[in-house]
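Trainee: My structure is below; once you've seen it, I'll send some questions.
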Amino acid sequence: MNSTMKKTLVASGIALALGTTGAYAVGVDDLYGNASFYTDSANFTMLNGLGGVVGGANNVDMTWDGDGFTASSDYTGPGSYSNVTANSSAPFFGHSWTAHDIQVFLPGSYSFDVTLGGGATEVGYLNATVNPGQIGMHMLFDWSGNLNIDVFVVANPGSVFGAGLRYSTQTNAKGAFKCDAGFTGTLVKNCLFDGGPYGSMGQPTTNQVWMLASTDGNGDGVMGIPMPTGGPFAGFNANFMASMGGIADVSDINQVVPPVPVPAAAWLLGSGLVGLAGVARRRKA
């Protein structure tokens with residue numbers, strides 16, 4: 001990871017841990033400068049309402065420019081200012097998919113009018129709370145002719161997904177898939193989709209720590225937040241995990257985006273400045 005990218009992410013981590021959303025103007029771009037983070041090894045995992053794996057992709061290209069938004073009104077429907085991209089060549093249930101109009105939201109409470117998207121026959125509002133130390137991502141999801149399906153992801157920095165132990169292609173002693181209730185008789189919730197193809201870093205590994213890992217955003221025990229009523233995936237949960245150029249190094253994560261509560265924000269600020277100083281020394285050398 002280059003030094004410009006690291007400085008961008010250190011600044012992001014300081015802002016997330018402090019949770020000081022009032023310090024940022026609504027809809028400001030280049031909040032942390034114009035450097036961006038990129039990975040081709042991000043993960044998309046779709047879960048049903050019970051937490052069972054439906055499908056996903058592992059070769060997801062994702063970019064983020066370091067911007068952050070602070071109000072639901074920063075989303076205005078298709079064509080909104082977007083500061084994240086996510087796409088994959090892997091089909092989902094035989095159809096290509098895209099995620100677009102993706103915006104990162106800093107800690108706060110949000111409510112999105114799903115009818116703004118048009119296309120999908122969704123009704124009502126998609127509500128989400130991003131706690132201090134987390135980030136949120138609102139996006140529109142297109143699949144098989146269904147356009148602008150609202151998705152919101154709450155992510156924990158420097159975290160595993162779910163229990164961090166179960167993956168969709170793991171098998172038991174008899175070769176049955178551990179996550180499949182049809183084989184085991186008991187549903188294993190929140191398994192990570194790890195079927196190929198993969199990005200440059202290969203198949204996700206047990207207890208992999210992600211730079212940003214989707215979490216249970218509404219407290220129902222299933223990772224992700226249910227998609228709105230009326231759409232093709234009503235009640236399903238789309239989860240996105242972002243690596244840091246692949247499998248993340250834990251020491252780097254602790255410097256960049258540590259999952260700390262607000263009382264530890266002062267510690268993070270100090271460590272962030274130390275990290276920046278270290279980057280500067282390495283560049284000078």
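Trainee: Which members of the range 189-221 meet the condition of being within 16 Å of Asn58 (Cβ to Cβ) and charged (D, E, K, R)?
Mentor: Once the filter is applied, which keeps residues that are within 16 Å of Asn58 (Cβ to Cβ) and charged (D, E, K, R), the range 189-221 yields only Asp194.
Trainee: From the list Met201, Met211, which one is among the hydrophobic types (A, V, I, L, M, F, W, C), assigned to a loop (DSSP other than H, G, I, E, B) and either in contact with a Ser or Thr (Cβ under 7 Å, 6 or more places away or on another chain) or modelled with pLDDT of 85 or more (or both)?
Mentor: It is Met201.
Each row is one residue, and each column tells you yes or no for (1) buried (at least 20 other Cβ atoms within 10 Å of the Cβ); (2) modelled with pLDDT of 85 or more; (3) under 15 Å from the mean Cα position of the chain (by Cα).
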site	(1), (2), (3)
Lys7	yes, no, no
Ala15	yes, no, no
Asn34	no, no, no
Phe37	yes, no, yes
Gly51	yes, yes, no
Gly56	yes, yes, yes
Val60	yes, yes, yes
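The values are calculated or read from the model by the stated rules, or taken from the named source; none is laboratory data. Note that the coordinates shown come from a computational prediction; the quantities given were computed from them, not determined experimentally. So basically every Cβ, Gly included, is an ideal-geometry build from the backbone, and we count neighbours across all protein chains shown.
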